[in-house]
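The values are calculated or read from the model by the stated rules, or taken from the named source; none is laboratory data. Since the model is a prediction, treat every value here as computed from it, not as a measurement. Glycine also receives a Cβ, built like all others from the backbone with ideal geometry; neighbour counts cover every protein chain displayed.
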Amino acid sequence: MEEPIIVVQPGELLLWSGRPQRVVPVGGEWCRLVVGSILVAVIISFAGLYVLPVLVWFVIVCGPVAFRLWTTYRAVYAVTDQRVVVADRISGHIRKWMDVTTPEVSSLRGDGVGTLTFHPLFETVDILGFGLPKQNPQRPIALFAVPDARQVQALIVRALIAD
C-alpha cells in the first residue's frame with residue numbers, strides 16, 4: 001500500500017491507498033476516437049485538406065481523451081476513516097475529496113479490478129420546517145481501476161461499521 005502522506009491530515013487513519021491499475025480509454029472514448037478518425041479520413045479524401053482536419057481531430061477528439069488518461073495516470077487515491085481523496089501523485093495537489101461513505105463496486109473485471117464509486121450523503125436545508133434539497137450537491141467520486149475492488153470495499157465497510 002502506497003502511503004500518500006501528502007493527503008492524510010492529522011487525526012486521520014489511512015484505511016487504503018493506491019493508484020489506478022491500468023489506464024485505458026473507456027467505451028465512449030473509444031467510440032469518440034473511431035468516429036473522429038473516420039470523419040477526418042472522409043474530409044481529407046473529399047476536400048483534400050490535410051492540416052485543418054488533423055488539428056481539429058487533435059483538439060476536439062484526442063484532447064479530452066488524452067487529458068483524462070493523463071490525469072488518471074497521475075492520480076493517487078486515499079481512503080481514510082473520514083474522507084475519500086483523489087490527489088495528484090506528483091504535485092500532491094488534492095483534486096477532489098468528500099466525506100467517506102459506503103462505496104459501490106462497478107465495472108468489475110475477472111481479475112478483481114473495478115471501479116469504486118462514493119456517493120455523497122443526501123443533504124437538505126431546513127426552510128420554514130421543510131427539508132429542501134441543498135443546491136449544487138456534491139458529485140460522486142469514482143476511483144477507477146482499483147485492484148481487488150471487492151476487498152477494498154469490504155475493508156472500508158468494516159472500518160465504517162467499527163466507528
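Would you be able to say whether some residue in segment 76-96 is within 20 Å of residue 8 (Cα to Cα), among the hydrophobic types (A, V, I, L, M, F, W, C), without any contact (Cβ under 8 Å) to a residue 60 or more places away in the chain and in contact with an Asp or Glu (Cβ under 9 Å, 6 or more places away or on another chain)? Scanning segment 76-96, I find at least one residue that is within 20 Å of residue 8 (Cα to Cα), among the hydrophobic types (A, V, I, L, M, F, W, C), without any contact (Cβ under 8 Å) to a residue 60 or more places away in the chain and in contact with an Asp or Glu (Cβ under 9 Å, 6 or more places away or on another chain), so the answer is yes.
One residue alone among 130, 67, 122 is more than 22 Å from residue 13 (Cα to Cα), surrounded by fewer than 16 Cβ atoms within 10 Å (Cβ to Cβ), of a type outside the set (S, T, N, Q) and at pLDDT 85 or above, and that residue is 67. In segment 39-68, the residues that are touching a residue at least 12 places away in the same chain (Cβ under 8 Å) form Cβ pairs under 9 Å with partners that are loosely packed, with under 11 Cβ neighbours inside 10 Å and assigned to a helix (DSSP H, G or I), at six or more places apart or across chains, as follows: 53/47.
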